[in-house]
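For reference, the structure discussed in these notes is given below.
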Amino acid sequence: MGLLVDKVSRKKLLCGAVIAFSLSTVISATTSSFAVMLLMRFFLGALVSATEPAGFSMLGDLFPRTVRTTANSIVGTGSYLGSGLASFLIMIVGSYGWRAAYAVKGGFGLLIGLSALLVLREPERGML
């Protein structure tokens, strides 16, 4: 994915990856086929691998060197916050089952991906 980040729009790659892996999560919630579940989990992993290279590359072009480490650390904190917030999915699993938790997680990801597609801008490469 790192090679792809250098060749295409990072915004489109990042948002497309979030939307696609969120769709794979929603499909996982609805399938009763082990093969489909396995394929969706494979897609999830492959698509998630695009997020860090694209995101950090964009950060490098959005922020000057003097604050770039701060920007990187704030973005890096997101994975820990996400892990903590994922604990709330345990309550959904306990009350409604794992399929509902997958649907909620995938739906939220779709919302974030589509919102980012509208809000994010593609920074010019190598300007800062």
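The values are calculated or read from the model by the stated rules, or taken from the named source; none is laboratory data. These numbers were taken from a predicted model, which means no experiment stands behind them. FYI the Cβ positions are ideal-geometry reconstructions off the backbone, even for glycines, and counts take in every protein chain you see.
List the pairs whose first member sits in the stretch 107-121 and is touching a residue at least 24 places away in the same chain (Cβ under 8 Å), whose second member is surrounded by 14 or more Cβ atoms within 10 Å (Cβ to Cβ) and among the aromatic types (F, W, Y), and whose Cβ atoms are under 9 Å apart, counting only residues at least 6 apart or on separate chains?
G109/F21; G113/F21
Scan (1) charged (D, E, K, R); (2) surrounded by fewer than 16 Cβ atoms within 10 Å (Cβ to Cβ); (3) closer than 21 Å to V75 by Cβ for the single condition K7 breaks and write down its number.
(3)
Please specify each residue of the stretch 89-107 satisfying the condition of being surrounded by 12 or more Cβ atoms within 10 Å (Cβ to Cβ) and farther than 26 Å from F56 by Cα.
Residues of the stretch 89-107 surrounded by 12 or more Cβ atoms within 10 Å (Cβ to Cβ): 89, 92-93, 96-107.
Within the stretch 89-107, L89, I92, V93, Y96, G97, W98, R99, A100, A101, Y102, A103, V104 qualify.
Is at least one residue of the stretch 41-51 in contact with a Lys or Arg (Cβ under 9 Å, 6 or more places away or on another chain) and either surrounded by fewer than 17 Cβ atoms within 10 Å (Cβ to Cβ) or farther than 18 Å from P123 by Cβ (or both)?
No, that holds for no residue.
Can you work out which of the residues in the stretch 34-52 that are touching a residue at least 12 places away in the same chain (Cβ under 8 Å) and β-branched (V, I, T) is nearest to L3 (Cα to Cα)?
The extreme case among them is T51.
If you scan the stretch 82-106, which residues turn out to be free of Cβ contacts under 8 Å to residues at least 60 places away in the same chain and within 12 Å of the chain's Cα centre (by Cα)?
The answer is G82, and nothing else.
At pLDDT below 90 and either under 12 Å from the mean Cα position of the chain (by Cα) or not in a loop (DSSP other than H, G, I, E, B) (or both): is that true of S73 in this structure?
The answer is no for S73.
Any residue that is farther than 30 Å from P123 by Cα and not hydrophobic (A, V, I, L, M, F, W, C) - is there at least one of those in the stretch 9-16?
No, the stretch 9-16 contains no residue that is farther than 30 Å from P123 by Cα and not hydrophobic (A, V, I, L, M, F, W, C).
For the stretch 108-128, what are the residues that are part of a helix (DSSP H, G or I) and surrounded by 15 or more Cβ atoms within 10 Å (Cβ to Cβ)?
Once the filter is applied, which keeps residues that are part of a helix (DSSP H, G or I) and surrounded by 15 or more Cβ atoms within 10 Å (Cβ to Cβ), the stretch 108-128 yields G109, L110, G113, L117.
Within the stretch 28-59, track down each residue that is hydroxyl-bearing (S, T, Y), within 12 Å of the chain's Cα centre (by Cα) and in a helix (DSSP H, G or I).
Residue satisfying the conditions is T51 alone.
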